[in-house]
Amino acid sequence: MQGRLITFEGIDGAGKSVQAEELRRWLEREQQRKVLVLRDPGTSPIAEQIRRILLDPANGAMSPWTELLLYEAARAQLVEELIKPALAQGSVVICDRFYDSTTAYQGYGRQLDLPTVMQANRIGACGVVPDLTILLDLEVEAALQRKGHLALDRLEREERAFHERVRRGYLELAHAEPGRVKVVKGDRPVEAIAKEIRQLVAALLAG
Ligand code: TMP
């Protein structure tokens, strides 16, 4: 069976992790596929160490360029250690965030030079391109409310305008790559969203 990479994207609080687990269950039970669910940055021990540096609220002095390169470093480790071997074995790899997060957060949110960010993305992804990207789109206000009761990490503490730029960046990405990036409205019951995602993934697996 052919390995596939499916990524989930969206602003913080959009519901990615819940939907990644819903999709895993369906793929394993109904489609009899081997599935690996990962998060970027993180999952592998080295990438989790980098994640800790990135999200630590004590690291407020981090340069946006350091931030960019650390996300890429964590991703390169995840790709080489876990994603490439799983794809080679025919698994469906579900990744909670991938390089579109870097375009949206560091490119649009931090306003780093977009062509440079995309060049860095190519290095960090080590040649891997998602087969399908689910963009869970939600208004910033609604997403922040969902996150409200939890301890916020360094990125989540950014001002509202930052998250608005990130959301707009994602929507521009979806507009630029409509074949790969599918926008799914996140302000609905979990099951309705999961059903729409299953249809998108079924079409991918049938193709
Ligand atoms: P998570 O909590 O959804 O796993 O993501 C961690 C934070 O890192 C989240 O606020 C988004 C941010 N992020 C970036 O800024 N750039 C990136 O490339 C990635 C993958 C995440």
Tally of residues being loosely packed, with under 15 Cβ neighbours inside 10 Å and in contact (Cβ under 8 Å) with a residue 12 or more places away in the chain across segment 156-171
3
Going residue by residue through segment 72-88, is there one that turns out to be farther than 26 Å from Arg188 by Cβ and modelled with pLDDT under 95?
no
Of the conditions (1) farther than 26 Å from Leu171 by Cβ; (2) within 13 Å of the ligand (Cβ to nearest atom), Ser63 clears all except one; give me its number.
(2)
Among all residue pairs at least 6 apart or on different chains, which show Cβ distances below 9 Å where the first residue, located in segment 60-77, is free of Cβ contacts under 8 Å to residues at least 24 places away in the same chain and the second is more than 12 Å from the ligand (Cβ to nearest atom) and assigned to a helix (DSSP H, G or I)?
none
Applying the selection to segment 101-132, what residues are closer than 17 Å to Ala20 by Cα and more than 8 Å from the ligand (Cβ to nearest atom)?
Pro130, Asp131, Leu132
Within segment 1-40, which residues are in a loop (DSSP other than H, G, I, E, B), more than 9 Å from Asp96 (Cβ to Cβ) and either within 12 Å of the chain's Cα centre (by Cα) or within 16 Å of the ligand (Cβ to nearest atom) (or both)?
Gly10, Ile11, Asp12, Gly13, Ala14, Gly15
Considering only segment 131-152, state which residues are more than 15 Å from the chain's Cα centre (by Cα) and among the acidic types (Asp, Glu).
Glu139, Glu141
Please enumerate the residues belonging to segment 100-114 that are closer than 19 Å to Val181 by Cα and surrounded by fewer than 22 Cβ atoms within 10 Å (Cβ to Cβ).
Leu114
Being at positive phi and surrounded by 14 or more Cβ atoms within 10 Å (Cβ to Cβ) is the filter here, so list the residues in segment 115-138 that pass it.
Cys126
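The values are calculated or read from the model by the stated rules, or taken from the named source; none is laboratory data. Keep in mind the model is a prediction, meaning the values are calculated, not measured. Positions of Cβ are generated from backbone atoms using ideal geometry, with glycine treated the same way; all protein chains shown enter the neighbour counts.
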